[in-house]
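Here is the structure we will look at.
The values are calculated or read from the model by the stated rules, or taken from the named source; none is laboratory data. The structure displayed is predicted, hence computed values, not measured ones. Note that we place each Cβ from the backbone using ideal geometry, even for glycine, and neighbour counts take in every protein chain shown. The accessibility values were calculated without ligands, DNA or RNA, using every heavy atom of the protein model including side chains. Shrake-Rupley method; radii C 1.70, N 1.55, O 1.52, S 1.80 Å.
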Amino acid sequence: MRNRYKVILRIIFALIILVIVALISLQFKNPNNKPNYKEIDVIKDYNYTLENRDSKLMQDTFKSLKEILNKEVDYKEYAKYLSELFIIDLFTIDNKDNKYDVGSTEYVLSDVVENYKLNVSDTLYKYVEDKNTNKRSATLPIVKSIEEKSIEEEKYVYNNEEYDAYKVVLNWTYEIDLDYPTKGEVILIKKDNKLYVTSFKEVVVEE
């Protein structure tokens, strides 16, 4: 009888060990099989980051912006490259996990970033299927090239305060034409020596 109890206790002890191991595994398991993206570059003091999922165009443009910001800053050039990064990351949707994985949030003024994310997820990204469920079938856009058509310095009023600002008009192409926007206007304001995107709208650019 005593041996029987010993066997039962051993079984119980083994089951407890298995449960503990399972719980630890679940704790460290990547939820929903979401990929862990690696940060491959950063622009210090600006909190701009680059990940290994970003396209070559994104990486090249990021490098150009980093060069501008690592010396005495030319704000027109800063506005040019930041607006390009904004467009590339926003409209390169192929590398996004789902409709809530909105691009370019780190370039947007913090006061409006939540509204920006909500607007993009409800419109531009609305039908983006989850990449991590292996159910995504749609072809999604990848920005292939981009150029600014014009950059203008202006004043911009936000929350009853006037800021130095830049209006950048750009056009861009995709690897595959899927009828996504190809022309737009980005407004950036200068706040504490840093530029922030405050608005974007699609426009018609005269060739």
With no solvent and one equal point scatterer placed on each C-alpha of the range 70-207, evaluate the Debye formula and give log10 I(q)/I(0) for q = 0.11 Å⁻¹, two decimals. -0.42
Can you work out the accessible area per residue across the range 24-161, with the rest of the protein chains kept in place, probe 1.4 Å, in square angstrom? 60 Å²
Run the simple label-point estimate for Asn132 and Lys144 please: 7 Å along Cα→C-beta, distance reported in nm. 3.2 nm
Excluding Leu50 itself, calculate the net charge of residues whose Cβ lies under 13 Å from the Cβ of Leu50, where each Lys or Arg counts +1 and each Asp or Glu counts -1. -1
Using a probe of 1.4 angstrom, how much of the accessible area of the range 87-207 is carbon and sulfur, in percent? 41 percent
